[in-house]
Every structure is written in C-alpha cells, then in structure tokens.
C-alpha cells in the first residue's frame, strides 16, 4: 500500500515548535516535491490554548500525551525541552510505534541510551539532528557523510551565546558581564545563563557528538566542563598579541589511552577557519583518518535554523519508511554504529596532554621569574613564549607585574602541580589563570 | 534473508580507485562495526596487471565490463573518469541491476539525466558524492540535511588547483604562470590544466550542485564559465587594498526571472569565512530560506579524501538496501527532488545583476575620468569606489595611469555596453579587466 500522507504531531509550541509548524506550512510545496509525499501537521499540543490550530482543522491538545496516543499521528515531534514530561512522552510514543524527532539535547545526552534502546526494540527511529548545532547537519555528516572514516577528533563552537560573548570581548574590548547582559536582553542567553556560560549546554551537545564520532554510549557525566565566566579582557588581548583567539570549544579525541571529552575556553591560532567563526554562529571541525579535516558552519540556534533540522529529520524518516509509515527501523544506527564499543575509557581531565597559556600577577621582585622557571622545569614544562610587561610607572604603592607564559605540551596533572607550586610563592598575588591551547595536529583548517 | 556481506567491484585503479581499495581494507573493522555487515572487494578491473589482487583472492580483470557482468558484484565503483568507457559501463551495471558509485563529475554533469533515468527504471541507486568537492559531504547536505529548505543560492570554491593558484598569488605575490607551473609539478593540476584554470571542472561540479539545490535537470551546456588565467597580480593587490579577496567561485542562485549558474573569478569581502579558505581546500556556502547560511569545508581532491566519499556512498547504499543487495530503490532521489522542475529558465550571463570591479589603463590626460564617469552614468552605473594612482614619475615616454572602479549593482548587459564604450575612448590603452563582486545578501558568513 502506498502511503502518500504522513501525519506530524508537534508537542510544544515554543520557539522551535512554532518554527517547525511555520516551516512545514511555508515550504509545503517544495517539501512535497522533494518527497513525492505530503507532510501534514495533524495534532499540536501546547500548554497555552491556541485557536489558530482548531480553525485549521488541526487537532489541539493541552496534554502532550494525547499526541503520543493519537493513532493518526505517524511522527511525534518533541520540542518541549527539559526532562519532564519529555522523557515519558517520548517513551510513550515509541511504545505506540511512532517515530520521534526531538531537539532536546539535554534529554538525549542524559537519557539517550535508554531512549535508543527502546526505539530499537520497537523498530522506530528517534532522530535528533536539531539537538546539536541547530541547523548544521553535523549528526548526518558524522553518521553518514564521514562513515568511511575512523574519526580522530572533533572540536566545535557549539554554544552561540558563549561565542557571541567571546566575539564581542575580542572585537570591541567589552567585559564579560557587559556582553552577557546584552545577550540576555537580546534573548540569546537564558535568564539563568548558567547552561550557556558554564558550558553545560555545550557539554550536552559534545556528549552526543562524541558518541557518534566513536561509537560509544552517551556519557554526559564523564564530560569535563569549564565555562567562560572567568575569561577576562586581559586574556583576550594577550591571546591576540600572541596570534591566538579564545573560543569556547567542545573537544573530543580518541587517544591510545582513552577518549577525551572536554568543554573549556581554548586558545587557537587566529589563522584557523574556526577561530574566525564569530557572533552566535556555530562550527564543528571533524578530523577523519581518510577525509582529513572538514568543517561545518551555520546558525546553531533560533527558530528557523533549528526547525530546518527538525523537518530534515522528518523527511529522512519518511524517505526511509518507504511505503510504511511506522514499524520500520531506521537505516542508520542512532549513534552511528551498529554495535557500540564499551572497552574505551573516558579520560580524566588530568590525563590529557596539551599546551597551556598561564597568566599570573607578581610583585616586581628580582628573582621571581627564576623561581617560576625552576618550578616549570621541575615539572617537565617548557616555556615556549613569555610576555612580561613593564610595571605601570604611574601607580603609587605596590606594583604588580603581569606575566604570561605559553608552555610546551604537558600532562595536565603536571601542570596542576606546577601551578599550585607557583601560587604558593609569596610574590604571586592572585590565582593563576590557565587556558588550554589547541594546535589540532598543526593542520591548516 | 539476511545478507551479511556486500561485494564491491572497483573499475579503475588510479588515484581514487587505489584510495578506495586501501580505505576499504584499512577501515574494515570500523566500517563493519558501523554497518553490522561486511564490505568486501571481490573484483577489480584495471588496464594494468596487478598481481596484488590475485594473491588476495580478489578477481582481477583487464576488461571493466567484466565487473558489470559479474553476478557476484553488488555495487560497482566507477573511478575511471572521462566518458568512455565510463558511460556504457555504468549503463551496463544498471541494466544488470547493480548499484553504482561514481566519482566522475564530467560524466554526471553531462550524462547524469539519462543515467539517473535508467537507474530509476531498474530500481537501483547511482551515488556520486565524491564527484563534487571530494571528501566534503555536500551532496548529502543539499539532498538531505537541508531538505526542509528552499535554497536561495550557493557559492563554492570547488576547484582546488584554482584556489591554490589564487592563494599563492595573494599571499606571496607570485604570478599566475609561476604558480601554475608549481601546481603542475606538485601534481595538483592536470598536465593539460584547461579543466582547472578555465573553470570547466568547476562548471561540471556546479552543474551537479545547481540541480540538487533547485530540483532541475543537469544542464551543463547552460553554465557560464570563465577561468582565472587572466587574473593578474595587480588585480589581486587592488582587491586586497579594497578589503576583498579574489576567489574562483561557482555560484548558482534562484531569482524571479530564472536560475543563475556561473563560474568565474569573484571578489568577496575578506571578512567572509569562504574568503579565508586557502590552498587546495574546497568550501561551499549554501543559503537556505530556513537555515540561513551554512558552510561546508574540506579537502576537495586527493586519493584519501575522495575515497572517503566513495565509501560513504557504498555504506549509504548498503544501509538503505536493508537485507536486499539489489533491486531496491534508493530512499533519496538522485537529484534531491522526487519530481524535477522544467519551468525555470537558466539565465544568460548578460541577464544577471551584480557589482563589478573594473581596471583600466589610460593615458594621463585631463578629462578622461570625466568621460568615463559620463559613460557609466549613461548606462545607469554608480561608482562606489575609485582608485587612481599617481603615474610612475621615473618612466620616460608615454605614461599610463591605472584606474580601478568598483560599481554599484548593474545588469551585466549594461556593464558590457559601458565597457565597450569606455574601451573605444582613445585614451584607454588596453582591454578592460572586469571582475564580478559578490556581497551574498550582506550576511556574515
């Protein structure tokens, strides 16, 4: 039997839900021409009444579970966000044999393993392209476009708010707090900005990217997460002076000892393409053993960009369903691999090796550099570059001199010990600022 | 019946064929883990004898048609290049019910319509991700990742040799001929570099991208094609002075009057990401109505990058084949749309509107600028920027002054008339150089 029309149920009519609804209407002709079949929003659930839908012949419910139980609905779109009631809703939809499309990164990062297992048992697809990097088809690139590769590493600017803040600091010399306040006013940042600026949102997305890159289970609890709230304009300026930019990156890398999964401010050469991704835009660099470095860039958030990925997932499901609406397993495994590896540990942040930028403030006393150098040497750390500015001669009283050091590659554990030792020197007056530097194999991208 | 092993036949053991063979071997474990099924090279055809394959239990033929006729082969990989015998080989494979993966951009651009029609009749897939931009999964992005969008335009650096030449000219001040000679020595450019530097290779790829962006038939013969061989170091330097870079772009755009499909040197703001794509790398910017601008970057050529896409296509075919090896239509239409539009004309280059850079050389005579300005005004052309350098005072005899003008947006037909009129002035001593400028909607990307 040829099925010519697929019914979509949308749960949640906030930014992404509204954007999805609008996109399915506005591009209906073109989408039908692509598919040879029609997508039809048949049921919408939202806490708020919306008479628009009723007049359009679309069923409207205040209870999202009514969509999961609606026998007319082929594909349920979950765009509520959060864990409750998104998790039980998705599980109910799966149980009822419906395909699911979700933009819920936190839910997938934390509960994806059980969701995908349930979907596999029922032979339905749970698609989540929109959960990572908004409109950029990065999940598709990882799972399909680069499927011939062993992925070595990936690194992404995957939180637009954080990138907006760092861009404004770098381009206009504004302070972190100043830009954050503007981002909130513009609606980029949540009222509680913790998820954005402390890296939790990026950690959710990186969890999903890492699983798809390496074929491992989702392991959000093992991601090292550090935000950008401690980055100062001084750091931004020193970075520029040294030929670097500071970006808030999610990085995951396969090493001999295990997998790194970490979110933190990172200094990268200003010659790299990803260093020039500015404002609210997102980008992900993926290094595969065969393809080399590839980069994917676009809008990481917003109603229209996110809806682009939600609807692309719907189209994928319909295309792979053939003539059947339901009960047909997706062609592509949820986490890119038919069988996941369980033999690779996620590394502790202390086990990673990288170069470091450290900035410290010292009393202008003879001999302090010698002591610092000795401590670094004792921990096997080379000094690759050093900036020591003259003290400000107009200041009366105690004079602090800022010192900036770029180190060679060192195990983070050793760096921590060295920093503790340096901080214990009496001439060192503040907590040391430390920013990891990434060279990414030295490749040009 | 579960089919656990898929047999691959490779026709052509040059750069891409060898790379594909090697990749299928080297990443066999990981690919099997992704697929849950095994890919096995069972037959190789190459003009040259290669004892390697026989010893490996792989059938070897000097006649490529033996692969198309081999009942053991599920998927035929055509990496011969050129039209003969690639076209009859692919048609034979389709006739025999085999899926085909090809890296042959010229063949798809010129004969794709008949190839895809034959594949549709037989219910097999002809995949060609590797034909455009090497390892970048741009066909997948257009056909699937951005499937919810109406595509407004796309623009790409899709010939690595051309980009290498322009990058070296810009960064090192070298001449076109000097860099071309090096590119040939390095093996980037063909011995006959016409396909690269005259834009024919890019036109093949752009033909394929335009068809996938808009859902139109492949129309290679309607692509406007202009190479980079007339770009001088002066133009590169003036562009830099004006805040632009010169890139050899393939551009296709949907307009009210029809579709633009054009390959030519283009001046773009040096602030754009794509202006910073250097060396042999490729990148494509795609503007969709919902997603906004997205960019895809990576290696556009080379054995390993191209093989990455060839093998990704094989994996796609196996995933969408389910338990059947053959006779199963692909889920995604060959040219992105289930039904192609035939109602949109491809515009003549004279019908496009854009800004222009023009460089001319004049005798240092009073009044010439007034005449030029009058001609531009008469053709409705605004002067947006002007560079008129002082004549070189050390030169004895006739003194030529270079003049560079950036115009406002104008129909190319009017620009051509204005250029002809200016060239007819007796004070204008050389043919005018003209480079199109693209602002891409003014968006930051």
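The values are calculated or read from the model by the stated rules, or taken from the named source; none is laboratory data. What you see is a predicted model, and the numbers here were worked out from it, not measured in a lab. We place every Cβ from the backbone using ideal geometry, glycine too, and count neighbours over all the protein chains shown.
Does residue B:16 satisfy the criteria of being within 29 Å of the chain's Cα centre (by Cα), surrounded by 15 or more Cβ atoms within 10 Å (Cβ to Cβ), assigned to a strand (DSSP E or B) and within 14 Å of chain A (Cβ to nearest Cβ)? So residue B:16 does not fit the description; no.
Part of a loop (DSSP other than H, G, I, E, B) and either at pLDDT 95 or above or buried (at least 24 other Cβ atoms within 10 Å of the Cβ) (or both): is that true of residue B:162 in this structure? Judged against the criteria, residue B:162 is not a match. As for region A:19-37, it holds no residue that is touching a helix residue (DSSP H, G or I) at 6+ places or on another chain (Cβ under 7 Å), assigned by TED's automatic domain parsing to the domain that holds residue A:106, over 18 Å from residue A:303 (Cα atoms) and part of a strand (DSSP E or B). Scan region B:175-200 for residues that are assigned to a loop (DSSP other than H, G, I, E, B) and surrounded by fewer than 17 Cβ atoms within 10 Å (Cβ to Cβ) and the total you get is 5. Can you confirm whether region A:343-354 contains a residue that is in a strand (DSSP E or B), closer than 30 Å to residue A:126 by Cβ and under 33 Å from the mean Cα position of the chain (by Cα)? Yes, the conditions are met somewhere in region A:343-354. Between A:231, A:208, A:139, A:216, the distinction of being in contact with a strand residue (DSSP E or B) (Cβ under 7 Å, 6 or more places away or on another chain) and under 30 Å from residue A:318 (Cα atoms) belongs to A:216 only. Exactly one residue out of A:49, A:72, A:84 is assigned to a loop (DSSP other than H, G, I, E, B), surrounded by fewer than 18 Cβ atoms within 10 Å (Cβ to Cβ) and touching a residue at least 60 places away in the same chain (Cβ under 8 Å): that is A:72. Of the residues contained in region A:306-328, none is found to be facing another protein chain (nearest Cβ under 7 Å), surrounded by fewer than 22 Cβ atoms within 10 Å (Cβ to Cβ) and within 27 Å of residue A:186 (Cα to Cα). Residue under question is residue A:284, and the condition is that it be more than 9 Å from chain B (Cβ to nearest Cβ), over 27 Å from residue B:306 (Cα atoms) and either in contact (Cβ under 8 Å) with a residue 60 or more places away in the chain or buried (at least 24 other Cβ atoms within 10 Å of the Cβ) (or both); does it hold? Taking the combined requirement at face value, the residue does not satisfy it. Residues of region B:124-137 that are away from chain A (no Cβ under 12 Å) and farther than 21 Å from residue B:225 by Cα: B:124, B:125, B:126, B:128.
Among the residues in region B:175-196, are any under 19 Å from the mean Cα position of the chain (by Cα), under 30 Å from residue B:333 (Cβ atoms) and in contact (Cβ under 8 Å) with a residue 12 or more places away in the chain? The answer is no; no qualifying residue exists.
For region B:138-154, the criterion of being within 14 Å of the chain's Cα centre (by Cα) and facing chain A (nearest Cβ under 8 Å) is satisfied by no residue at all. Contact list please: Cβ distance under 9 Å, first residue in region A:140-168 and free of Cβ contacts under 8 Å to residues at least 40 places away in the same chain, second residue buried (at least 24 other Cβ atoms within 10 Å of the Cβ) and in a strand (DSSP E or B), pairs at least six apart or on different chains. Listed by first residue and then by second, the contacts come to A:145/A:294. Scanning region A:270-281 for residues that are touching a strand residue (DSSP E or B) at 6+ places or on another chain (Cβ under 6 Å) and either surrounded by fewer than 24 Cβ atoms within 10 Å (Cβ to Cβ) or at the interface with chain B (Cβ under 9 Å from one of its Cβ atoms) (or both) returns A:270, A:273, A:275, A:277. The selection criterion, being touching a strand residue (DSSP E or B) at 6+ places or on another chain (Cβ under 8 Å), surrounded by fewer than 19 Cβ atoms within 10 Å (Cβ to Cβ) and at pLDDT 95 or above, holds for residue B:350. Taking region A:201-234 as the range and being more than 30 Å from residue B:35 (Cβ to Cβ) and either without any contact (Cβ under 8 Å) to a residue 40 or more places away in the chain or in a loop (DSSP other than H, G, I, E, B) (or both) as the test, the residues that pass are A:225, A:226, A:227, A:228, A:229, A:230, A:231, A:232. Just so you know, in region A:287-300 the residues that are crowded, with 24+ Cβ neighbours inside 10 Å and in a loop (DSSP other than H, G, I, E, B) include one that is farthest from the other protein chains (Cβ to nearest Cβ), and it is A:300.
Each residue in region A:353-373 was checked for being free of Cβ contacts under 8 Å to residues at least 12 places away in the same chain and surrounded by 12 or more Cβ atoms within 10 Å (Cβ to Cβ), and 1 of them qualify. Might you check whether a residue that is within 14 Å of another protein chain (Cβ to nearest Cβ) and modelled with pLDDT of 90 or more occurs anywhere in region B:362-382? No, there is no match, as no residue in region B:362-382 is within 14 Å of another protein chain (Cβ to nearest Cβ) and modelled with pLDDT of 90 or more.
Among the conditions (1) assigned by TED's automatic domain parsing to the domain that holds residue A:267; (2) within 26 Å of residue B:146 (Cα to Cα); (3) in a helix (DSSP H, G or I), residue A:167 misses just one, which is (2).
If we scan region B:132-152, do we find a residue that is surrounded by fewer than 24 Cβ atoms within 10 Å (Cβ to Cβ) and in a loop (DSSP other than H, G, I, E, B)? Yes, that holds for at least one residue.
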